[in-house]
Each structure stands twice: as C-alpha cells, then as structure tokens.
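Q: Here it is: the structure, laid out below.
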Amino acid sequence: MREYGVYEAKTKLPDLIKQVHHGERITITYRGKPVADLVPSANWIAQQTAEAIAAIKAMRKGSIDQPEFIAMRLRGRR
C-alpha cells in the first residue's frame, strides 16, 4: 500500500485514481498520520467478478475460441 500526503494526493489525483482502478490501495496522510484510504469500489469489484464467472462458464461450454481466450488471459494480467 502506498502513502501520499494530502498536498501530493491533490496534485496527483488522476494518477492515483488510475492506480486504484488497477487494484492498488492508497493511503492519504495528513502530517504523517493516515486519514483516508483510496480503494477500488465494491461495485466495480463485483462487476469484475461477475464478468470472470461468465467467462469461465462460457469457456466450459466451449463457446470461446482461441483468440478470445488469449485476449481474456492478457486482460487478466494487467
């Protein structure tokens, strides 16, 4: 988990949001003490989980071809 001071977090907010989007957790500090955490949204995590389950079910049925499978695998490695 990374830590950023309030001022640095304010100036880097778009970059911090991108990091959180990729699953990282960020702590914001004020005078060296943690005051807030940036974490991925529970709705986003639930959506990702539902998509993964649907993809696994489709793979079991054999309805996904090899190029689609490779694209899914690469997407999962981000």
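Q: Residue by residue through the stretch 3-31, note down the ones that are among the polar types (S, T, N, Q) and either under 28 Å from Gln48 (Cα atoms) or in contact with a Phe, Trp or Tyr (Cβ under 9 Å, 6 or more places away or on another chain) (or both).
A: Answer for the stretch 3-31, where residues must be among the polar types (S, T, N, Q) and either under 28 Å from Gln48 (Cα atoms) or in contact with a Phe, Trp or Tyr (Cβ under 9 Å, 6 or more places away or on another chain) (or both): Gln19, Thr27, Thr29.
Q: If you don't mind, there's one more thing I want to ask. Counting only residues that are closer than 22 Å to Arg75 by Cβ, hydroxyl-bearing (Ser, Thr, Tyr) and touching a helix residue (DSSP H, G or I) at 6+ places or on another chain (Cβ under 9 Å), how many does the stretch 1-58 have?
A: 1
Q: Six or more apart or on different chains, Cβ atoms under 6 Å: show the pairs whose first residue is in the stretch 58-78 and within 17 Å of Gln48 (Cα to Cα) and among the aromatic types (Phe, Trp, Tyr) and whose second is assigned to a helix (DSSP H, G or I) and modelled with pLDDT of 75 or more.
A: Pairs found: none.
Q: Restricting the stretch 23-65 to residues that are modelled with pLDDT of 85 or more and either in contact with a Pro (Cβ under 7 Å, 6 or more places away or on another chain) or of a type in the set (Ser, Thr, Tyr) (or both), which is surrounded by the fewest Cβ atoms within 10 Å (Cβ to Cβ)?
A: Among those residues, the one meeting the criterion is Tyr30.
The values are calculated or read from the model by the stated rules, or taken from the named source; none is laboratory data. All values derive from a computational prediction rather than experimental measurement. Neighbour counts run over all protein chains shown; Cβ positions are idealised from the backbone, glycine included.
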